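Let me begin by presenting the structure, written as structure tokens, before commenting on it.
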Amino acid sequence: MNKPQITIKDIARALNVSPSTVSRALKDNPDISQETRDLIHAYAREHNYKPNTLAVNLRASRSNTIGVIIPQLVHHFFSCVLSGIEKAAAEAGYNIIVAQSNESYEQEVKIVHSFLAARVCGVIASLAKDTAQYDHYQELLDNDIPIVFYDRICTGLKTERVVVDDYAGSFAAVEYMIQTGCKRIFFYGAAPHLEITKNRRNGYLDAMKKYKIPVDDSMLLLCDTRERAIAITPDLLESDHRPDGFFAINDETASGILYACKLVGVKVPDEVSICGFTDGAIAQSTDPKLTTVEQHGEEVGKSAFSILTGKLEGEEKSFNMIVRTNLVVRGTTK
């Protein structure tokens with residue numbers, strides 16, 4: 001009786017490594033150490049491993065469909081990115097499948113596996129807030145499916161990416177607030193492992209440093225939703241060393257700060273200045289209207305699509321695109 005053919009997963013299980021490591025080693029990917037590659041090749045030869053011909057043929061039969069992962073469609077920026085992708089795809093004759101991770105790593109993994117099953121030719125994605133492992137994206141790359149990350153990018157994989165200039169946008173916003181009289185500006189940020197949080201926080205910190213304004217840990221807070229901003233801001237406004245300015249990582253959070261100011265009777269911008277980041281519908285519907293950093297989401301989407309289709313058409317050069325931001329001054333700052 002013939003022994004069943006071993007698979008990549010069988011090799012991975014036997015050698016206590018991930019299937020993606022086995023796949024890359026069998027392709028002699030230099031990211032895998034020579035020792036590990038030799039070990040995996042030896043095991044594969046010893047156990048008469050043969051590539052799954054059907055799987056190889058499936059990877060070769062490229063579809064005309066691109067998978068797009070959006071963290072949350074309700075956010076203005078992400079809906080603008082999607083609009084840019086849709087317009088570019090329609091002009092180029094590509095179909096797109098759109099899926100929403102709802103800021104969930106587990107949902108993101110399911111989406112990637114569904115894209116693999118659908119045999120998409122490429123993926124455009126932004127990470128969920130709690131995504132800190134990237135094996136599911138490596139699985140796409142192992143199947144020769146290119147990825148372009150936008151906004152919340154993955155620095156642990158060699159992929160193309162499109163980001164807005166988070167650092168410069170934050171620096172410009174905080175510098176403007178300082179120049180208009182703020183001396184104690186708090187930063188409300190998202191999960192610290194996200195690149196956008198790091199870059200926007202660094203822009204904030206460097207602007208404060210430029211004007212020799214001290215920053216302590218109490219001024220750097222994890223808060224990236226309207227609800228949390230409403231919950232934590234009143235106590236800060238009623239403290240002895242209350243802020244005279246807030247720089248928020250997005251407009252939703254900034255609108256929550258503004259609402260909290262109204263709850264405790266603090267005048268904006270006379271007593272406290274507020275700046276957000278996005279420039280969506282929320283920024284223009286608050287009273288007063290929000291000062292914010294414009295992200296140009298549609299341009300991000302079009303650029304991501306253009307880079308991905310370039311890779312699909314054989315472009316070998318790597319692209320990391322930065323889309324410039326600009327400060328839009330409205331009624332929440334002086």
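Taking region 143-241 as the region of interest, the number of lysine pairs whose Cα atoms are within less than 28 Å, with members eight or more places apart or on different chains, is 8. Selection among Q5, P288, T332 by position relative to the dipole of the chain gives Q5 as farthest towards the positive end (Cβ unit charges, Cα centre). Along region 101-118 the Karplus relation, 6.51 cos²θ - 1.76 cosθ + 1.60 evaluated at θ = phi - 60°, assigns HN-Hα couplings of 7, 6, 6, 10, 4, 4, 5, 4, 4, 4, 4, 4, 5, 5, 5, 4, 5, 7 Hz to successive residues, with x for each Gly and Pro. Ranked by the mean number of other Cβ atoms within 10 Å of their residues, highest first, the peptides 297-308, 63-74 come out as 297-308, 63-74. Compared with the dominant Cα axis of the chain, that is its longest principal axis, helix 226-237 is turned about 40°. Close amide H contacts of S273 (hydrogens built in the peptide plane, cut-off under 5 Å, sequence separation of 5 or more or a different chain): G245, F246. Taking a straight line from the alpha carbon of K311, these aspartates and glutamates sit under 17 Å away, with near neighbours fewer than eight places off in the same chain left out: D142, D144, E160. Label-point separation (nm) for E316 and A90, each offset 7 Å from Cα along Cα-to-Cβ? Going by the 7 Å Cα→Cβ label model, 3.7 nm.
Comparing mean-square fluctuations of Y204, Y150, Y259 from a GNM of the chain with C-alpha springs under 10 Å, the top value falls on Y259.
Rounded, prolate or oblate for region 184-254? Axes are the square roots of the Cα gyration tensor eigenvalues, ordered a ≥ b ≥ c, and the cut-off for rounded is a/c under 1.5. Since a/c reaches 1.5 but b/c is at least a/b, the shape of region 184-254 is classed as oblate.
For helix 297-312, report the angle its Cα long axis makes with the longest principal axis of the Cα atoms of the chain; keep it between 0 and 90° and round to the nearest 10°. So the inclination is approximately 20 degrees.
Taking the mean number of other Cβ atoms within 10 Å as a proxy for protection, how do you rank 161-169, 98-106 from highest to lowest?
161-169, 98-106
Debye-formula intensities of region 271-332, expressed as log10 I(q)/I(0) at q = 0.13, 0.22, 0.29 Å⁻¹, are -0.49, -0.84, -1.15 (one equal scatterer per alpha-carbon, no solvent). Extending 7 Å from Cα along the Cβ direction at A117 and again at S285 yields two label points whose distance is 3.6 nm. As a calculated quantity, the FRET efficiency between L73 and K209 at R0 = 51 Å, using C-beta atoms, amounts to about 0.85. Applied to region 89-95, the Karplus parametrisation 6.51 cos²θ - 1.76 cosθ + 1.60 on θ = phi - 60° returns per-residue 3J(HN,Hα) values of 5, 4, 5, 8, x, 9, 9 Hz, with x for Gly and Pro. For the listed residue pairs K267/K334; K27/K129; K129/K289; K289/K334, the alpha carbons are over 21 angstrom apart in K27/K129; K129/K289.
Stretched out straight at 0.36 nm per residue, the stretch from D217 to D144 would grow longer than its current Cα-Cα span by 21.9 nm.
Here the chain has 50 percent of its accessible surface on carbon and sulfur atoms, given a 1.4 Å probe and all protein chains in place. What the chain shows is 48 Å² of accessible area per residue, with the surface traced by a 1.4 Å probe over protein heavy atoms. Relative contact order of the chain: 17 percent, from C-alpha pairs under 8 Å at least 6 residues apart in sequence.
Between E46 and S33, the contour length at 0.36 nm per residue exceeds the Cα-Cα span by 2.7 nm. Largest accessible area first, the residues L258, L39 order themselves as L39, L258 under a 1.4 Å probe with ligands, DNA and RNA left out.
Amide hydrogen proximity for G122: with H placed 1.01 Å from N in the peptide plane, the residues at 5 or more positions away or on another chain lying under 5 Å are G67.
The values are calculated or read from the model by the stated rules, or taken from the named source; none is laboratory data. The model shown is predicted, which means the values in this text are computed figures rather than measured ones. No Cβ is skipped: glycine too gets one built from the backbone with ideal geometry, and neighbour counts run over all protein chains shown. Heads up: the accessible areas ignore ligands, DNA and RNA and are worked out on the full protein's heavy atoms, side chains in. Shrake-Rupley method; radii C 1.70, N 1.55, O 1.52, S 1.80 Å.
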